[in-house]
Amino acid sequence: QVQLVESGGGLVQAGTSLRLSCAASGRSVRTYSMGWFRQAPEKEREFVAAISWSGGNTYYADSVKGRFTISRDNAKNTVYLQMNSLKPEDTAVYYCAVDLSLRVGVRPDEYDYWGQGTQVTVST
């Protein structure tokens, strides 16, 4: 079992930054890929970013490329999402997830454990 707890969300103005954290417990995730997804009201959960177990490979949705950066600290069993130049359309609940396979997934159904989410609201 893996427990994931996200933190760092909040209400911010457009153009500013936030850093989300996702701390894992119960089992080390250092050998697994991790991902961030988000879900806005009345919308499907969508891929935001993913990172391989080593951190050597990262993937981003086109909508966040160049603004968001995913990283991980395996010693702390934690993955991060640095979000810069935030836009109102980034408003959503952000979830982290772990993929216990050897792939780096971009679809929600490829991930095995999920956190409860943290709200990010970007105002104009």
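The values are calculated or read from the model by the stated rules, or taken from the named source; none is laboratory data. Note that the structure is a prediction, hence the values are computed from the model and not measured. FYI the Cβ positions are ideal-geometry reconstructions off the backbone, even for glycines, and counts take in every protein chain you see. Quick note on the areas: whole protein, heavy atoms, side chains included, nothing else; ligands and nucleic acids left out. Shrake-Rupley method; radii C 1.70, N 1.55, O 1.52, S 1.80 Å.
Ignoring trypsin sites (Lys or Arg not before Pro) that are buried or in helix or strand per DSSP, and keeping those with at most 12 other beta carbon atoms within 10 Å, what is the longest stretch of the chain between them?
Counting at most 12 other Cβ atoms within 10 Å as exposed, the longest clean stretch of the chain is 1-42.
Using the basic label-point model (7 angstrom from Cα toward the beta carbon), what is the Ser63 to Thr16 distance in nanometres?
Spacing of the two 7 Å Cα→Cβ label points: 2.2 nm.
Among Thr118, Thr58, what's the order by accessible area (1.4 angstrom probe), most exposed first?
From most exposed to least exposed: Thr58, Thr118.
For segment 108-118, take each phi angle, set θ = phi - 60°, evaluate the Karplus expression 6.51 cos²θ - 1.76 cosθ + 1.60, and give the result in whole Hz per residue in order, putting x for glycine and proline.
With the stated coefficients, segment 108-118 comes to x, 6, 8, 9, 9, 10, 10, x, 7, x, 9 Hz.
Using 0.36 nm per residue of separation minus the Cα-Cα distance, give me the extension gain between Ser25 and Leu100 in nm, one decimal.
Residue separation times 0.36 nm, minus the Cα-Cα distance, leaves 25.6 nm.
Which one, Thr121, Gly35, Asn57, is farthest towards the positive end of the dipole of the chain when Lys and Arg carry +1 and Asp and Glu -1 on their Cβ?
Asn57
If we count GluC sites (Glu not before Pro) as exposed when they sit in a DSSP loop and have at most 13 other beta carbons within 10 Å, what is the longest stretch of the chain that avoids them all?
Longest site-free region, per DSSP loop and neighbour criteria: 45-124.
Rounding to the nearest 20 debye, state how big the charge dipole of the chain is about its Cα centre with +1 on each Lys and Arg Cβ and -1 on each Asp and Glu Cβ.
340
Report, in whole Å, the centroid distance computed from the Cα atoms of segment 3-54 and segment 80-124.
4
Below 25 Å, Cα to Cα, which lysines can Lys76 reach? Residues fewer than 8 away in the same chain don't count.
Leaving aside lysines fewer than 8 places away in the same chain, none come within reach of Lys76.
Explain nothing, just compute: Karplus ³J(HN,Hα) = 6.51 cos²θ - 1.76 cosθ + 1.60, θ = phi - 60°, for every residue of segment 94-106 in order, whole Hz, x for Gly and Pro.
9, 10, 9, 8, 10, 10, 7, 8, 8, 8, 10, x, 10
Taking the Cα centre of segment 65-107 as origin, work out the dipole magnitude from +1 charges on Lys and Arg Cβ and -1 charges on Asp and Glu Cβ, in debye rounded to 20.
Charge dipole of segment 65-107: 120 debye, to the nearest 20.
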